Amino acid sequence: MIEIFRDRMSKSGLSLHDAILRNVKNGLRNGTSEFLFQENKEQKLCDLMKINVISHFYNPKKYIGPPPPPKQAESDPLSPPYNEKVNVIHLMGGPAHYIIPNKDLVKFGHIVISSDNPRDMQGEPLDDRDFACLADIFSEFDEHGIAYYNSGIESGCSQLHKHFQYIPYDEHPIVDAILQGRKIPFQIYKRQMEWFNFDSIKKAYTELLDEAKNGRYGKQMKAYNFVLTKKLALFVPRSRARSSFQIIINSLGICGHLFLWETSDSRILQYPMSTISEVCYPPIQ
């Protein structure tokens, strides 16, 4: 079912915030969504760099090894028609997006926000429709949570249709380290922001993208992660998606989350920041 929201309200008067959480709850109830990781298996890791990283272990019934890179499919799972059991919001009136409960939830409330233009592809720059949608989402969730854009295959995206994601979740240890002024062992570009509104998001994204393109790694940058959380806009150029230990690092990885299997190389737990750093570029001194 697709429910139309214009200017963040449906005909029923239900708020966008409440509809999103209702749809995720329905997905858990009818089996179209489930949690990606094992419960009570999170570990806080810290190596010689003294920056915390959180490890999460995949549910072994769902994931037994790294998936192959995404490729163009005959049917696009992020565009209509959707599974009739999935409750989808079509957000209009500035934004032009489908809001879909993620089938693999990192945390409760995890959503995929997909462009409603079937020709839009991952890796294309964010535009005014995207900025409007991001501003609406953050307004609905009182400026909390994390939104992120994995710009292409080498930044850890799993689908090729243009989309970004949002999770109402605020524990991101590398972001905390950045806000504390700590040195990060990979190149980042950042802007601290007062609000996540349309103008501020557009300005931050445009400036950070230009800064990265004109920087040392601009010509060799294969993809990037763009993150909004904790009044911070973060832009990280990427060299590749997979670490030498064959785990995929996406925007959440850049923010301090490692997604592991029980069989993952134990050296990841010993050297978490090194694992993340190797898929990025060295910091410019």
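The values are calculated or read from the model by the stated rules, or taken from the named source; none is laboratory data. All values reported here derive from a predicted model rather than from experimental measurement. Note: ideal-geometry Cβ built from the backbone for every residue, glycine included; neighbour counts use all protein chains shown.
So here's what we get for this one:
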item	result
Enumeration of residues in the stretch 235-283 that are of a type in the set (Lys, Arg) and under 16 Å from residue 52 (Cβ atoms)	none
Checking residue 161 against (1) in contact with a helix residue (DSSP H, G or I) (Cβ under 7 Å, 6 or more places away or on another chain); (2) farther than 18 Å from residue 274 by Cα, the condition it does not meet	(1)
Criterion: within 21 Å of the chain's Cα centre (by Cα), surrounded by fewer than 12 Cβ atoms within 10 Å (Cβ to Cβ) and farther than 27 Å from residue 178 by Cα - qualifying residue of 81, 68, 77	68
Residue in the stretch 180-201 that is buried (at least 19 other Cβ atoms within 10 Å of the Cβ), among the β-branched types (Val, Ile, Thr), within 25 Å of residue 259 (Cα to Cα) and modelled with pLDDT of 95 or more present	yes
Test: residue in the stretch 126-139 that is at positive phi and touching a helix residue (DSSP H, G or I) at 6+ places or on another chain (Cβ under 6 Å)	no
Meets criteria (exposed (fewer than 13 other Cβ atoms within 10 Å of the Cβ) and under 30 Å from residue 272 (Cα atoms)) for residue 102	no
Condition check for residue 249: closer than 26 Å to residue 137 by Cα and in contact (Cβ under 8 Å) with a residue 40 or more places away in the chain	yes
Residues being surrounded by 22 or more Cβ atoms within 10 Å (Cβ to Cβ) and either in contact (Cβ under 8 Å) with a residue 60 or more places away in the chain or outside any strand (DSSP E or B) (or both) - total across the stretch 224-235	6
Subset of the stretch 234-253 [at pLDDT below 95, of a type in the set (Phe, Trp, Tyr) and touching a Leu at 6+ places or on another chain (Cβ under 7 Å)]	none
Of residues in the stretch 4-26 being farther than 17 Å from residue 96 by Cα and among the charged types (D, E, K, R), the one surrounded by the fewest Cβ atoms within 10 Å (Cβ to Cβ)	11
Matching residues in the stretch 254-285 - criterion: being at pLDDT below 95, among the polar types (S, T, N, Q) and closer than 28 Å to residue 61 by Cα	263, 264, 266, 270
Selection count, the stretch 40-61, where residues are surrounded by 13 or more Cβ atoms within 10 Å (Cβ to Cβ) and either out of contact with any Gly (no Cβ under 7 Å at 6 or more places or on another chain) or among the acidic types (Asp, Glu) (or both)	12
Qualifying position, being out of contact with any Leu (no Cβ under 6 Å at 6 or more places or on another chain) and either more than 18 Å from residue 159 (Cβ to Cβ) or hydrophobic (A, V, I, L, M, F, W, C) (or both), among 95, 69	95
